Amino acid sequence: MRSSGCYVYGLIRTAENKDFGCIGLEHDGRPGRVYTVSVDSVAAVVSEYAGRDKVLPLRRNLEPHHRVIREVMKTATIVPMSFGHVARNEAEVQRTLRRNRDSLRGELDRVDGKVEMGLKVKWDVDNIFEHFVGLDPELAAHRDELFGRSHAPTPAEKIELGQMFERRLAQEREAQTERVTEAFRAHFSEVKVNPPKHELTVMDLAFLVPREGVTAFEKCVYEVAGTFPAQYLFDFSGPWAPFNFVELDLHQAAA
Amino acid sequence: MGVASPLPPRRSVRGRSPRLLAQSRQRRVSLCETLDRVLNKGAVIAGDIVISVADVELVYLGVNLVVASAETMREWGQGRPPAGCRGAASLASGVTGA
């Protein structure tokens with residue numbers, strides 16, 4: 001039994017003890033050795049971690065966290081933990097695995113052999129409002145009516161125009177998201193629609209794709225992008241570990 | 001350490017006229033995508049087993065990209081003021097103009 005804590009990177013299905021080498025978070029001044037702690041066929045990917053303080057989201061910690069996930073992904077399907085989990089010791093990790101055995105197996109089955117592909121579609125225009133006014137005569141007429149008068153529009157009128165714009169934006173996002181997910185239908189088992197973080201974002205999607213289907217997925221991005229006008233920009237990324245498809249809320253081990 | 005930062009490939013395609021973005025922007029955006037996933041997604045363990053859960057409050061990259069979401073915060077029930085931004089400072093030093 002080790003005395004130091006265990007930093008947990010993620011969970012994989014394996015009955016063997018695996019060693020992924022010294023690629024983990026720093027421990028004793030060196031990159032920590034990454035290995036598995038398993039219960040039956042479910043294993044946590046961990047490295048020793050002695051820090052008593054919280055693991056800060058610093059580059060020197062985030063980088064190895066993600067590096068380990070990437071490395072493990074090469075040979076196994078990993079359910080990634082979110083950054084910053086440190087258990088007291090290996091026994092705690094094992095107790096947690098045991099207590100959550102069923103949900104862990106279910107989750108590992110669901111994502112087995114699959115990877116995540118990210119797809120963000122953006123409006124590549126200077127002014128999104130102008131862009132929509134150009135597309136929508138009703139919005140344009142309303143805008144012209146408000147700003148074409150001799151007196152300035154009231155705040156209430158501006159708010160109403162803003163709401164009209166927002167509704168139009170939401171409608172457009174919804175319609176295009178449906179169109180895109182439909183076009184990708186044959187390539188994914190699950191899709192997650194994340195809320196757009198920026199007004200120029202049309203959609204922010206994550207697809208769960210079979211590992212062997214990544215090339216076909218990428219080809220599909222080019223095909224689908226080709227059916228859109230030039231002011232739509234398709235950014236895709238991956239393969240990632242299935243970050244967006246993890247729905248686990250593990251319970252702590254009973255003391 | 002000898003291990004380069006592991007960023008997955010990212011490409012960009014414009015409707016009707018495919019093109020690739022400059023390498024530097026690719027890496028930067030890919031880093032943002034990485035942070036969004038690493039900090040914001042993934043399995044969580046509730047309760048005391050965890051000595052430490054990342055002191056992530058709001059990590060701002062560039063102007064207005066919030067990486068750690070309000071949901072993550074609520075999930076952990078951390079009502080603390082955003083002191084965790086001390087972590088953000090060193091992060092942001094390598095990530096500009098998100």
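Values quoted throughout were computed directly from the atomic coordinates according to the rules given, and no laboratory measurement underlies them. No experiment lies behind these values; they were computed from the predicted model shown. Don't worry about glycine lacking a Cβ; one is built from the backbone with ideal geometry, like all the others, and counts go over all protein chains shown.
If r is the Cβ-Cβ distance from A:Lys54 to A:Cys22 and R0 is 22 Å, what FRET efficiency results, to the nearest 0.05?
On the way: r = 23 Å, r/R0 = 1.05.
With R0 = 22 Å, the Cβ-Cβ based efficiency is 0.40.
Excluding A:Leu119 itself, calculate the net charge of residues whose Cβ lies under 9 Å from the Cβ of A:Leu119, where each Lys or Arg counts +1 and each Asp or Glu counts -1. Mind dumping the intermediate values first?
On the way: positive: A:Lys120; negative: A:Asp204, A:Asp235.
Charge balance in the 9 Å sphere: -1.
Looking at the stretch A:1-34, which trypsin sites (Lys or Arg not before Pro) are DSSP coil and have at most 12 other C-beta atoms within 10 Å of their C-beta?
On the way: sites: A:Arg2, A:Arg13, A:Lys18, A:Arg33; in loops: A:Arg2, A:Lys18.
Of the trypsin sites (Lys or Arg not before Pro), the ones in loops of the stretch A:1-34 whose Cβ has at most 12 other Cβ atoms within 10 Å are A:Arg2.
Ignore the peptide's own chain and count Cβ atoms of other chains within 10 Å of each Cβ in A:241-249; give me the average, rounded.
Values: counts 5, 3, 9, 5, 1, 4, 1, 4, 5.
That average works out to 4.
For n ≥ 4 DSSP H runs only, could you compute -39500 (n - 2.57) per run for chain A, divide by its residues and tell me the 222 nm figure to the nearest 500?
On the way: 7 runs with 97 residues, N = 255.
Calculated from helices alone, the mean residue ellipticity at 222 nm is -12000 deg cm²/dmol.
Can you give the mean number of other chain Cβ atoms that lie within 10 Å of the Cβ atoms in peptide A:220-231? Numbers along the way, then the final one.
Values: counts 0, 4, 3, 1, 2, 7, 6, 2, 4, 3, 4, 3.
Mean shielding count: 3.
What FRET efficiency do you get for A:Asp109 and A:Ala140 if R0 is 45 Å and r is their Cβ-Cβ distance, rounded to the nearest 0.05? The partial results should precede the final answer.
Working: r = 52 Å, r/R0 = 1.16.
After rounding to 0.05, the efficiency reads 0.30.
Quick one: if the Förster radius is 30 Å, what FRET efficiency do A:Glu182 and A:Asp126 give, using the C-beta to C-beta distance and rounding to 0.05? Each step should come with its number before you reach the end.
Details: r = 30 Å, r/R0 = 0.98.
Efficiency computed from Cβ-Cβ geometry: 0.50.
What is the order of A:Arg149, A:Arg88, fewest Cβ neighbours within 10 Å to most?
Working: A:Arg149 10, A:Arg88 16.
Final ranking by Cβ density, sparse to dense: A:Arg149, A:Arg88.
Find the all-direction average of the projected area of the Cα convex hull for chain A, expressing the result in square nanometres with one decimal place. Walk me through the intermediate numbers first.
On the way: hull surface 73.0 nm².
Result: a mean projected hull area of 18.3 nm².
Just grab the label-to-label distance for A:Gln231 and A:Arg30, each label 7 Å out from Cα along the Cβ direction, in nm (one decimal).
Those two pseudo-labels are separated by 5.8 nm.
When the chain is fully extended, how far beyond the present Cα-Cα distance does A:Thr154 get from A:Ala15, taking 0.36 nm per residue of separation? Write out the running numbers ahead of the final one.
Values: separation 139, 0.36 × 139 = 50.04 nm, distance 6.86 nm.
Value of the extension gain: 43.2 nm.
What is the fewest-to-most order of A:Tyr222, A:Tyr49, A:Tyr35 by other Cβ atoms lying within 10 Å of their Cβ?
Values: A:Tyr222 13, A:Tyr49 23, A:Tyr35 20.
Listed from fewest to most nearby Cβ atoms, that is A:Tyr222, A:Tyr35, A:Tyr49.
Once you have all Cα-Cα distances for the stretch A:215-255, histogram them in 5 Å bins from zero and send the whole-percent values.
5, 15, 18, 14, 13, 10, 7, 6, 5, 4, 3, 1
Give me the extension gain from A:Gln163 to A:Ser41: residue separation times 0.36 nm, minus the current Cα-Cα distance, reported in nm with one decimal. Walk me through the numbers before you get to the answer.
Working: separation 122, 0.36 × 122 = 43.92 nm, distance 5.33 nm.
Gain in length upon complete extension: 38.6 nm.
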